[in-house]
Amino acid sequence: MYASRMDNLPPYLFARIDEMKAEQQKKGVDIIDLGVGDPDLPTPPHIVAALCKAAQDPDNHHYPSYAGMPAYKSAVAGWYRKRFGVTLDAGKEVLALMGSKDGIAHIAEAFVNPGDYVLAPSPGYPVYRTGTLFAEGKVHDMPLLRENNFVPVLADIPKKVAKEAKILYINYPNNPTAAVAPPGFYKEVVDFATEHDIVVVSDNAYSEIAYDGYSAPSFLGTKGAMEVGIEMHSLSKTYNMTGWRIGMAVGNAGILAGLGRVKTNVDSGVFNAVQHAAITALSGPQDCVADACKIYQERRDVLVRGLRSLGFDLPTPKATFYVWLPVKDCMAFSARLLNEAGIVATPGVGFGASGEGYVRFAITRPVARIQEAIERMRRMKL
């Protein structure tokens, strides 16, 4: 019944986790879900109010622009200029997305022919791989290893693969490892992409979730980056708007035109009322973002301190709302947590082969629940 390409498509990791969680809940287990990275904090009230007002305007009830409202694209350009010092032409260098997943899932269809390589981090966001498979391309894994600070070694990519590669994905601050891009890495990426004529796609969705004074840069702030790549971003994590499905792709106009051409054939754009709310988010006060980061930082500290008290060796993340914990067997460890303690954690191998030996915790639950999770793990005598 299914197309042959479906044979290569793995089950979506988080859908399977939801199924396993539901099975335990049916048994009456009190689940502490530290698995999927969905903020538990509400969308700030001023953004919700903007949506309500815009939704009542009949002018917003029609088909939206495929590329995004000019006012929304201008707000994105203004935010990038203020936040990163990156200047964008709102008309040609900004494209509205239904969340960054939308752009990541479709970009390969514009640039990858059957059999072409795509360079993707392992572990990494699963959609890098699945988007490539839908385009009938081949994924070359770039291992993110602790000894390399979870940064790919571009020199290790075989020359034949680099020659046949069409897209290079990078993602910092990183999901799932919580690593940040070291100085000079983006320049290395630009040089590599220029040499091999590769499109760079920077996934920067976690740039605003940062701690201890760290400020994540944009890939596009690197000299030459606008010539070789684009950046995907999203309001999902920054403003607790995961369910709203609003984001942006920015950067090289030619690359964006290719992505936009795909999208005009597969969707009808983002609801205008949501775009109006996004304008309010990007253009308004940013105190809500700083407040959220304070909450996440407290949770991070409680979880990291608790895990260390149990004997685990792990770094303190500078960004994202993830903690990447080294363990002996990620599947067995995750299964024990769920079955013996009612704790959901994501096995690292679900993000790629190089994720084996780790589990990912999301600090998207209150401090009291994180403390309870630590006590449950303590009773397990891990």
| Let a ≥ b ≥ c be the square roots of the eigenvalues of the Cα gyration tensor of region 1-115; is it rounded (a/c under 1.5), or, if not, prolate (a/b larger than b/c) or oblate? | oblate
| Per residue, in Å², the accessible surface of the chain once ligands and nucleic acids are set aside, probe 1.4 Å | 43
| query | In debye to the nearest 20, how big a dipole does the chain give about its Cα centre with +1 on each Lys and Arg Cβ and -1 on each Asp and Glu Cβ? | reply | 580
| Listed pairs LYS26/LYS237; LYS138/LYS166; LYS92/LYS223; LYS92/LYS237; LYS73/LYS318; LYS138/LYS159 exceeding 21 Å between Cα atoms | LYS26/LYS237; LYS92/LYS237; LYS73/LYS318
| query | Which whole-angstrom value gives the distance between the alpha carbon centres of region 268-284 and region 76-129? | reply | 18
| request: Give the shape of region 40-176 as rounded, prolate or oblate, defined through the alpha-carbon gyration tensor: a ≥ b ≥ c are the square roots of its eigenvalues, a/c under 1.5 means rounded, and otherwise the shape is prolate if a/b is larger than b/c and oblate if not. | output: prolate
| Spatially proximal aspartates and glutamates relative to LYS27 (Cα-Cα < 19 Å; intrachain offsets below 8 disregarded) | ASP18, GLU19, GLU340
| said: For a quick check, take a GNM of the chain with Cα springs below 10 Å and name the residue from VAL199, VAL289, VAL76 with the largest mean-square fluctuation. | reply: VAL289
| said: Need one number: nm distance between label points at VAL153 and MET20, each 7 Å from Cα along Cα→Cβ, rounded to one decimal. | reply: 3.1
| message | Checking the a/c ratio against 1.5 first, then a/b against b/c, what shape does the Cα gyration tensor give for region 228-382? | response | prolate
| Can you give the longest stretch of the chain with no exposed loop site, where a site means chymotrypsin sites (Phe, Trp or Tyr not before Pro) in a DSSP loop (not H, G, I, E or B) with at most 16 other C-beta atoms within 10 Å? | 67-213
| remark: When the chain is treated as a Gaussian network with springs between alpha carbons less than 10 Å apart, the largest mean-square fluctuation among THR238, THR130, THR264 is found at THR264
| request: State the antiparallel share, in %, of DSSP beta bridges confined to the chain, rounding to the nearest 5. | output: 45
| said: I'd like the distance between the alpha-carbon centres of region 159-234 and region 18-48, rounded to an integer number of Å. | reply: 30
| Contour minus end-to-end for LYS328 and ARG308, with contour as 0.36 nm per residue of separation and end-to-end as the Cα-Cα distance? | 5.6 nm
| message | If you roll a 1.4 angstrom probe over the protein chains with everything in place, what fraction of the accessible area of region 16-91 belongs to carbon and sulfur, to the nearest %? | response | 55
| task | May I ask for the net charge around ALA155, where only other residues with Cβ less than 12 Å from the Cβ of ALA155 are counted and Lys, Arg are +1 while Asp, Glu are -1? | result | -3
| query | How many percent of all Cα-Cα pairs in region 196-300 sit more than 18 Å apart? | reply | 58
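The values are calculated or read from the model by the stated rules, or taken from the named source; none is laboratory data. Predicted, not measured: the structure shown is a model, and the values here were computed from it. Every residue, glycine among them, receives a Cβ derived from its backbone with ideal geometry; neighbour counts consider all protein chains shown. Just so you know, the surface numbers come from the protein's heavy atoms only, side chains and all, with ligands and any DNA or RNA stripped out. Shrake-Rupley method; radii C 1.70, N 1.55, O 1.52, S 1.80 Å.
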